[in-house]
There are 2 protein chains.
Amino acid sequence: MSSRSSAKRADALRSIDAILQAAAECLGRNPEASLSEIARAAGVGRVTLYAHFASRAEVVDAAMARAIERGNAALDSVDLTGDPRLALARLVEASWHLVDEARALLVAAQRELSAGRIRELHDGPASRVETLVARGRAEGVFRTDLPISWLVNVLHTVMHSAADEIRAGRLAPDHAAAHITATVLAAFTPPGKLVPELGDPR
Amino acid sequence: MSSRSSAKRADALRSIDAILQAAAECLGRNPEASLSEIARAAGVGRVTLYAHFASRAEVVDAAMARAIERGNAALDSVDLTGDPRLALARLVEASWHLVDEARALLVAAQRELSAGRIRELHDGPASRVETLVARGRAEGVFRTDLPISWLVNVLHTVMHSAADEIRAGRLAPDHAAAHITATVLAAFTPPGKLVPELGDPR
DNA sequence: CAAAAGTCGAACAGCAATGTTCGGGTTATC
DNA sequence: GATAACCCGAACATTGCTGTTCGACTTTTG
């Protein structure tokens with residue numbers, strides 16, 4: 001298991017890590033950041049970068065994959081049992097911040113990677129949401145008149161748009177989670193049922 | 001009034017129009033389309049294009065402005081009186097298709113124009129929605145626990161995401177309006193009230 | 001019909017990024 | 001401590017787009 005990537009020296013692994021971290025930062029700041037810029041930020045020669053990644057696309061892909069994987073790992077500690085509505089609220093509380101951080105990186109990824117690849121990268125976290133939504137439907141608290149994939153997409157979209165609103169200065173960061181939760185919970189409520197009131201959970 | 005732009009010959013106006021139309025098509029297909037490509041598609045020399053637009057950004061700006069203005073004009077015929085929920089449904093029915101068409105163009109605009117400028121271009125249609133939402137709130141059918149700007153943004157976002165879903169093949173175009181309406185209407189419902197059932201309006 | 005305005009193709013200059021090669025220096029690793 | 005892996009800067013070739021200039025030709029317009 002540990003001998004799997006014995007081809008790489010500890011040295012190289014450190015460089016790769018520095019590059020990916022720098023890529024996340026630079027591309028987050030500016031989606032058009034050049035590879036030279038990233039290499040410089042990583043404290044690494046441009047040639048070294050090319051030694052590890054064949055193309056720009058590979059760098060973006062790896063950086064995005066890392067960001068998502070980390071975010072996904074962070075969500076493992078969220079308790080998704082109990083009332084699906086409360087579980088969803090907890091998930092949002094833990095997620096939106098990650099989305100906000102990765103948002104700019106995503107923009108870069110959208111330029112470089114195919115839509116299919118991006119979805120592929122996302123389907124770790126997506127399936128987590130999917131499971132929760134499915135349970136909520138089974139328990140009758142989430143609507144069944146719209147496809148699960150649509151509902152998952154709504155959550156995803158609303159979180160991203162909140163990130164945009166924050167960046168545009170139209171939404172205070174400490175209101176974000178409450179707004180997202182209130183919106184999505186209402187959107188998920190089956191027609192004919194009452195929209196839940198969460199009572200400002202601050 | 002008609003003498004305002006007497007500086008331009010009928011000739012030139014035709015070229016400009018052809019360029020903007022071609023720009024909308026090309027950039028819609030591929031946000032990175034070059035100016036040569038656009039000029040060619042417009043059946044016009046590249047030099048002619050530069051005679052009318054100083055830079056790439058100006059072309060994109062003008063094309064986007066035209067698309068939005070046209071869309072906005074098309075919405076003038078939508079009846080926004082009566083029950084705000086039904087009015088919203090009518091607005092969505094008429095809008096989502098326009099959003100879908102302009103979506104790819106928007107991607108191009110986001111690369112070339114500042115976020116502020118894009119918002120500025122959008123605030124014609126946005127204010128229309130804003131008025132409707134405000135009325136719905138005053139009548140007690142839309143929630144007041146979230147800012148108007150957030151609600152407007154949710155509608156905008158959900159429509160765009162529907163366009164994405166269609167393009168990805170996960171949403172049939174003839175379901176789009178119903179999905180959007182069902183989602184947004186629920187999202188706009190005040191906590192403690194019933195989510196409206198629209199009964200498949202097909 | 002004649003001047004003004006517009007169009008066109010070709011060619012040029014500039015730029016910025018990508019990706020590659022080379023040779024010499026460093027550092028892990030066994 | 002020797003060898004292989006790695007790092008690095010500089011330089012090069014390539015590509016593709018932008019924006020400009022030139023001179024000749026065509027169309028409006030009054």
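The values are calculated or read from the model by the stated rules, or taken from the named source; none is laboratory data. In this text the structure is predicted, and so the values were computed from the model without any measurement. We place every Cβ from the backbone using ideal geometry, glycine too, and count neighbours over all the protein chains shown. With ligands, DNA and RNA removed, areas are computed over all heavy atoms of the protein, side chains included. Shrake-Rupley method; radii C 1.70, N 1.55, O 1.52, S 1.80 Å.
Figure the gain on full extension for B:ASP83 and B:ASN30 (residue separation times 0.36 nm, minus the Cα-Cα span) and round it to one decimal in nm.
On the way: separation 53, 0.36 × 53 = 19.08 nm, distance 4.04 nm.
Net length gain for the segment: 15.0 nm.
Computed over region B:88-142, the convex hull of the alpha-carbon atoms projects to a mean area of 4.3 nm².
Solvent exposure of A:ASP174, expressed as accessible area, is near 110 Å², computed with a probe of 1.4 Å over the protein chains only. Annotation for region A:105-190: GluC sites (Glu not before Pro) lying in DSSP loop with at most 13 further Cβ atoms inside 10 Å of their Cβ are A:GLU139. Rounded to a whole number, what is D in µm²/s for region A:56-188 from Stokes-Einstein with the Kirkwood radius over alpha-carbon pairs (37 °C, 0.692 mPa s)? Translational D for this selection: 214 µm²/s.
With a 1.4 Å probe, what is the total accessible area buried between chains B and A, in Å² rounded to the nearest 100?
Numbers: alone 11440 and 11450 Å², together 20220 Å².
For chain B against chain A, roughly 2700 Å² becomes buried.
By a 1.4 Å probe calculation restricted to protein chains, B:LYS193 has an accessible surface near 100 Å², given to the nearest 10.
Three principal axis extents of the protein assembly as shown based on alpha-carbon atoms, in descending order, are 70, 67, 35 Å. Average 1/r across all pairs of distinct alpha carbons in region A:1-122, invert it, and you get the Kirkwood radius: 15.8 Å.
Using a Förster distance of 25 angstrom, determine the FRET efficiency expected from the C-beta separation of A:GLU139 and A:GLU197, and round it to 0.05. Don't skip to the answer; put the middle values down first.
Details: r = 19 Å, r/R0 = 0.75.
In this case the efficiency is close to 0.85.
Taking the solvent-accessible surface of protein heavy atoms with a 1.4 Å probe, what is the per residue accessible area of region B:56-202 in Å²? Write down the numbers at each step before the final one.
Numbers: 6530 Å² over 147 residues.
Heavy-atom accessible area per residue stands at 44 Å².
Solvent-accessible area of region B:7-53 (1.4 angstrom probe, protein heavy atoms only): carbon and sulfur portion equals 50 percent. Think of the axis that spins chain B onto A; the B residue whose C-beta lies nearest it, and the distance in whole Å, is B:ALA187, 2. Take B:GLY169, push a point 7 Å out from Cα through the beta-carbon direction, and compare it with the same point in every other copy: 4.4 nm, smallest first. Once the Kirkwood radius over Cα pairs is known for region A:9-53, the Stokes-Einstein relation at 37 °C and 0.692 mPa s delivers a diffusion coefficient of 322 µm²/s. What separates the Cα centres of region A:81-155 and region B:45-65 is a distance of 40 Å. Annotation: extensible slack from A:ARG70 through A:SER55 equals 3.1 nm (criterion: 0.36 nm per residue apart, minus Cα-Cα distance).
From other protein chains only, count the Cβ atoms within 10 Å of every residue's Cβ in A:172-178, then give the mean.
Numbers: counts 0, 0, 0, 3, 0, 0, 2.
Per-residue shielding by partner chains comes out at 1.
May I ask for the percentage of alpha-carbon pairs in region B:132-183 that lie more than 13 Å from each other? Of the Cα pairs, 62 percent sit more than 13 Å apart. In region A:56-188, the portion of solvent-accessible area held by carbon and sulfur atoms comes to 54 percent [1.4 Å probe, whole percent, DNA, RNA and ligands not counted].
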